[in-house]
1. Regarding Ala97, is this residue under 20 Å from Thr198 (Cα atoms), modelled with pLDDT of 90 or more and either of a type outside the set (Lys, Arg) or under 13 Å from the mean Cα position of the chain (by Cα) (or both)?
2. Against the condition in contact with a Cys (Cβ under 9 Å, 6 or more places away or on another chain) and more than 20 Å from Thr8 (Cα to Cα), how does Tyr49 come out, does it pass?
3. For region 48-72, name all the residues that are assigned to a loop (DSSP other than H, G, I, E, B) and charged (D, E, K, R).
4. For region 51-61, give me the residue count where each residue is within 12 Å of the chain's Cα centre (by Cα) and either polar (S, T, N, Q) or crowded, with 21+ Cβ neighbours inside 10 Å (or both).
5. I'm trying to understand the selection: among the residues of region 117-141, which are touching a residue at least 24 places away in the same chain (Cβ under 8 Å) and surrounded by fewer than 19 Cβ atoms within 10 Å (Cβ to Cβ)?
6. Just name the residue that is surrounded by the most Cβ atoms within 10 Å (Cβ to Cβ) out of those in region 4-18 that are closer than 18 Å to Phe61 by Cβ and of a type in the set (A, V, I, L, M).
7. Restricting to region 19-36, give me the number of residues that are in contact (Cβ under 8 Å) with a residue 60 or more places away in the chain and either crowded, with 20+ Cβ neighbours inside 10 Å or more than 15 Å from Phe153 (Cβ to Cβ) (or both).
8. Given (1) in contact (Cβ under 8 Å) with a residue 12 or more places away in the chain; (2) over 26 Å from Asp177 (Cα atoms); (3) of a type outside the set (Ser, Thr, Tyr), where does Lys57 come up short, assuming only one miss?
Amino acid sequence: MDQYLCLTWFMNYDYNQVANYANDLTAGLSDQVEKAIILFRHVRDDFRYDPYRIPLKPENFKASQVLEQGYGFCITKAVLLAAVARAAGIPARLGFANVRNHLNTDKLHNLMGTDIFYWHGYTELYLKNRWVKATPAFNKSLCERFGFQVPDFDGQTDSRFHSLDSEGKLHMEYLADHGSYPDLPYERIMQTWAKHYTSILAGQLAAASGGALDTFEKDSF
């Protein structure tokens, strides 16, 4: 279990702000499930989901970077949750899947060239002798604004994207499972993105990694 508690270059919970964030949220708590729920909800809601500023450089996937910038997307928020969980003594790893977003907007579809999110990331936490999935990507305010069901986490059952929205329309469909990893498989993710997101990697996404892409607009998700 040591590999799921250790410090890594991406899960850099030795960084003061990351450690302090985890310690402040879990101060006075001894139950691992309580700690996990608190950490999940804060990572979900304290960091805005932004699909228009996806990083390419490996340093932008580090937990400390997400904490500093105040926003992220599924993979980087999963990395942050895994890092703060480890800082709180909870074994954590990363899980990945391909998902189809049936409610993808034209703006995001045109940017990606598809409605499939390759290597969607989530966190798995080891609680009460079993691994439990936690998906902190979509913050609560975003879900409420767009009519998505809010992915929550009770520490006992898997938290995944909902298949339907609040009106019963198809939302997220899981297509393929990439398995679980003790650390971010950065190179594998980049190889897949290079194959499926060619226009993004050639243009907008490269600009995003340098901070040049427009920020996420609340009314144009």
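1. yes
2. Working: in contact with a Cys (Cβ under 9 Å, 6 or more places away or on another chain): yes; more than 20 Å from Thr8 (Cα to Cα): yes.
Answer is yes for this residue.
3. Passing the criteria: Asp50, Arg53, Lys57, Lys62.
4. Qualifying residue count, region 51-61: 2.
5. Hits for region 117-141 are Tyr126, Lys128, Trp131, Lys133, Lys140, Ser141.
6. Met11
7. 6
8. That leaves (2) as the condition not met.
The values are calculated or read from the model by the stated rules, or taken from the named source; none is laboratory data. These numbers come from a predicted model, not from an experiment. All Cβ positions, even for glycine, are placed from backbone atoms using ideal geometry, and neighbour counts span all protein chains on display.
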